[in-house]
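One structure is given here, and the rest of the page talks about it.
Values in this text are rule-based calculations from the coordinates and carry no lab data. The structure displayed is predicted, hence computed values, not measured ones. Neighbour counts run over all protein chains shown; Cβ positions are idealised from the backbone, glycine included.
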Amino acid sequence: MTTIEVIVPVLSDGHYINGTRYGDEGVKAFAGGRHGSIGSAFLDSGIAEGLQSLVKGKRVLDVGCGVGDWCCLAAQYGAKSVDGFDIQPEMVELAKQATSHLDMVHIQVGDAGDMPYDDDSFDVAISLFVTCNLSPEVYAKHFEELQRVLVPGGKAVLLLPTNWSHSKLYTRFDADPAIVEDEIAEILETVPINPTTAQITEAFKNANDILITCFAMDQNGKLFHVKNVSQLTNGQPIWRKTEVMLFPNFFYSDQSDIVHLLTTSFHIDHIDNYCTEERRLTYNNKRPAIPLNREYVAHPPALVYYVSKS
Ligand SMILES: C[S@@+](CC[C@H](N)C(=O)[O-])C[C@H]1O[C@@H](n2cnc3c(N)ncnc32)[C@H](O)[C@@H]1O
């Protein structure tokens, strides 16, 4: 197994020893994005299609369930039972509210590095947009725990960020990336040394042309715009600015994700690049205010891995 090196202290107002915390405002922003038109367009964009055939009649686990949208979807697709857990109690509260009408859904607080379930409890596990939220203490254990709680032959679906999501500047469709780069450089000059997540959020709150980009802190505590993953070390705290909110995240290269899947005896059945031209157009039709650009299609920010426990 690869060693995860950490070059900056893990704790900040967004990076905790066992994962990320978004804070009250962040959880509200996340819930707004997930339940709103951006989130629902995203839920429809191909990941949902892949899930539909997998979950029918199955015992499903949703790791890092957030506000419970995938739990609802799995229930709607005929799962026999759905268990969801998340480290942030505020998320769990919202997920419980969102699923309160569904008897087969159970939500609780839990840690991806120490899942609150017996061995061989689930037929299918999903872990979507989660690994980049796990601290180095939890990251490798998440893959081991997924393996443990699945039955032999059980399936897992993981959405894992690509290295492009840490090095590309995705802008809104009609924005000039060079102008957005200049805007970012100007804003960075205003960010204090050793900034908090709240301070970075505030600094970039009007940078609406950014769809996704990534920031990290250098050894002197200065925030910089990541242009190449060689500027980052596995396990390093980062911040991902999206149109919905600024996410405190941790960097893991896409190669590290694959190594951890394979060393925990998963077989990779299929990898879905859900950012096809057709999906971009479908997605854009649902959210004309901030359409996705071609960069997003050419360099998808995440891939969906369909794997089986060997
Ligand atoms: C980007 S959100 C994704 C939520 C959900 N999977 C979705 O797609 O809507 C990442 C989630 O991971 C959760 N998380 C972070 N560290 C965790 C940990 N150690 N165990 C469980 N969940 C964790 C966060 O609280 C957050 O809700």
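The distance linking the range 169-184 with the range 14-36 is 25 Å (Cα centroid to Cα centroid, whole angstrom).
In this rough spin-label picture, where each label sits 7 Å from Cα along the Cβ direction, the K56-Q255 distance is 4.1 nm. The alpha-carbon positions of the range 184-230 define a convex hull whose volume is 80 Å³ per residue. Just to be sure I understand the curve: with the Debye formula and one point per C-alpha of the range 148-214, what is log10 I(q)/I(0) at q = 0.17, 0.23, 0.28 Å⁻¹? Taken in order of the listed q values, log10 I(q)/I(0) reads -0.71, -1.08, -1.27.
Here the chain is assigned +1 on the Cβ of each Lys and Arg and -1 on the Cβ of each Asp and Glu. Its dipole about the Cα centre then comes out at about 520 debye. Helix 23-35 versus the longest principal axis of the chain: what angle, 0 to 90°, nearest 10, using Cα atoms? Tilt of helix 23-35: around 70 degrees. Restricting the range 75-149 to GluC sites (Glu not before Pro) that sit in a DSSP loop and have at most 12 other Cβ atoms within 10 Å of their own Cβ leaves nothing.
Measuring nothing but alpha carbons in the range 164-250 and taking Rh as the Kirkwood radius, the Rg to Rh ratio lands at 0.92. Amide H to amide H, with H built 1.01 Å from N, I238 comes under 5 Å of N249, F250, F251, counting only residues 5 or more places away or on other chains.
Taken over the chain, lysine pairs spaced eight or more positions apart, or on distinct chains, with alpha carbons under 22 Å apart number 27. Roughly speaking, what is the centre-to-centre gap between the range 152-168 and the range 225-292 when only Cα atoms are used, to the nearest Å? The range 152-168 and the range 225-292 have Cα centres separated by 7 Å. Relative to the current alpha-carbon distance between H101 and K222, full extension at 0.36 nm per residue lengthens the span by 38.9 nm. The P(r) of the chain has a tail past 32 Å containing 22 percent of all C-alpha pairs. Looking at the range 147-235, none of the GluC sites (Glu not before Pro) sits in a DSSP loop with at most 12 other Cβ atoms within 10 Å of its own Cβ. Suppose R0 equals 30 Å; then what is the FRET efficiency for Q231 and L262 from their Cβ-Cβ distance, rounded to the nearest 0.05? With R0 = 30 Å, the Cβ-Cβ based efficiency is 0.70. Compared with the dominant Cα axis of the chain, that is its longest principal axis, helix 89-99 is turned about 50°.
Helix-derived [θ] at 222 nm for the chain: sum -39500 (n - 2.57) over DSSP H runs of at least 4, divide by residue count, nearest 500?
Working: 12 runs with 112 residues, N = 310.
-10500 deg cm²/dmol, from helical runs alone.
Taking 0.36 nm per residue of sequence separation and removing the Cα-Cα distance, the A207/D24 pair yields an extension gain of 63.7 nm.
So which trypsin sites (Lys or Arg not before Pro) in the range 181-257 are both in a DSSP loop and have at most 12 other Cβ atoms within 10 Å of their Cβ? Loop-located and lightly packed - K205.
The equivalent ellipsoid of the range 21-163 has semi-axes of 20, 18, 15 Å, largest first, where each one is the square root of 5 times an eigenvalue of the Cα gyration tensor. For A302, nonlocal amide neighbours, meaning residues 5 or more places apart or on other chains whose placed amide H falls under 5 Å from its own, are T162.
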